[in-house]
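> Next up is a structure, given as structure tokens.
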Amino acid sequence: LIPATIPTTLDRPSSEQLTRARVAYELVCSTTPQMPQTLLVVTGASRGLGRAIGVAFASASTSNISSLRAILVARSEDDLSETASLMQEAAQQSSTELEVSCTVADLSDLDTLEETVEEIFEPLLLSPSPYDKAILINNAGSLGYLGQCRDMKSLSELQHAINFNLTSSFWLSSQFARIFAKTEGETGTGGRCIIVNITSLCAVEPFKSMSVYCAGKAARDMFHAVFAKEEETRVSSSGSRSCRILNYAPGMCETAMSLELAESDRLDKDLGTMYQTSLKEKTMVQPKDTAAKLVRIVVADEWISGAHIDYWDE
């Protein structure tokens with residue numbers, strides 16, 4: 001196992017270096033028999049669902065992955081380190097070969113988003129091993145404004161929610177596919193490209209006092225559904241679609257976000273009571289359970305690209 005590391009200052013490769021790396025990578029993938037490695041990028045990986053997804057992928061009993069390279073992205077360095085440690089423990093127990101690194105980044109900062117995404121994705125093309133799959137778990141997000149629509153008072157709060165929940169999510173998925181999905185006549189990783197957008201029942205059902213969150217989830221769902229439709233016309237060099245996309249709703253999970261909702265005095269009264277009761281009676285979905293189901297779905301690779309799948313779906 002390779003110990004988890006947290007890079008501090010990343011030296012961004014030049015365009016010329018990256019071009020040479022892509023050419024060399026394609027040559028390696030096509031001529032050198034090596035153990036295929038699965039690439040996993042998880043945003044919002046510092047706690048809750050993102051952490052559980054990382055651990056589930058690191059466990060071969062869940063993922064059936066023998067070699068995994070994982071990139072964890074979030075704002076908290078200490079919490080990312082904890083996630084990396086838990087992934088290493090899971091990998092050791094299941095004899096998974098694991099390389100995990102952490103990138104501390106604020107995906108809501110649009111002034112640095114483009115550079116941040118390039119720093120996360122581009123150096124991965126310098127890997128000496130081919131990726132049989134490149135998987136993005138587009139999980140990072142926030143609740144944003146809670147309360148009645150007519151009571152909004154802060155434009156900056158609204159803009160921050162849009163930046164974080166929509167703009168950064170759209171950009172991450174777009175750039176991940178651009179770099180890692182190889183279509184005929186293009187260069188890329190040579191393996192399967194999969195994008196998972198973490199969505200919610202809020203994407204399809206309106207909940208009073210959660211307008212910004214619901215709208216954000218609905219917009220992310222539609223963006224990725226359109227993305228999937230566009231990818232149907234792209235054929236990879238192996239004859240399969242270049243990029244498969246899934247909108248996965250994990251169910252009402254017991255996370256810090258659920259606790260925030262249960263304690264909020266701005267949430268609709270009936271909705272707040274539901275969260276409080278669910279927490280008290282421990283009827284919420286556990287992150288490890290929904291993460292395990294997501295990994296099984298991704299590994300099976302049988303869903304209709306662009307579909308919205310809920311934890312409770314059969």
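> Filtering region 134-165 down to residues that are free of Cβ contacts under 8 Å to residues at least 60 places away in the same chain, open to solvent by 60 Å² or more (accessible area, probe 1.4 Å) and assigned to a helix (DSSP H, G or I), which residue is nearest to ASP221 (Cα to Cα)?
Residue satisfying both the conditions and the ranking: ILE162.
> I'd like to check which helices (runs of 4 or more DSSP H) are fully inside region 32-116 and have at least 3 residues that are open to solvent by less than 10 Å² (accessible area, probe 1.4 Å). Show your work before the answer.
Numbers: elements: 48-58, 60-63, 77-94.
Hits in region 32-116: 48-58, 77-94.
> Of everything in region 259-291 that's out of contact with any Gly (no Cβ under 9 Å at 6 or more places or on another chain) and closer than 17 Å to GLY141 by Cβ, which residue is most open to solvent (accessible area, probe 1.4 Å)?
Only one residue fits best here, namely GLU260.
> Still on this model: Given ILE245, ILE297, ILE304, which one is farther than 30 Å from ASP151 by Cβ, among the β-branched types (Val, Ile, Thr), open to solvent by 20 Å² or more (accessible area, probe 1.4 Å) and in contact (Cβ under 8 Å) with a residue 12 or more places away in the chain?
Answer to the selection: ILE297.
> Can I ask one more? Out of contact with any Phe, Trp or Tyr (no Cβ under 9 Å at 6 or more places or on another chain) and either open to solvent by 10 Å² or more (accessible area, probe 1.4 Å) or without any contact (Cβ under 8 Å) to a residue 60 or more places away in the chain (or both): does that describe PRO123? Before the answer, list the steps.
Values: out of contact with any Phe, Trp or Tyr (no Cβ under 9 Å at 6 or more places or on another chain): yes; either open to solvent by 10 Å² or more (accessible area, probe 1.4 Å) or without any contact (Cβ under 8 Å) to a residue 60 or more places away in the chain (or both): yes.
Judged against the criteria, PRO123 is a match.
The values are calculated or read from the model by the stated rules, or taken from the named source; none is laboratory data. On a predicted model such as this, the values are computed, not experimentally measured, just so you know. Cβ: placed from backbone, ideal geometry, glycine included. Neighbour counts: every protein chain shown. Accessible surface is based on the protein model in full, side chains and every heavy atom, while ligands, DNA and RNA are left aside. Shrake-Rupley method; radii C 1.70, N 1.55, O 1.52, S 1.80 Å.
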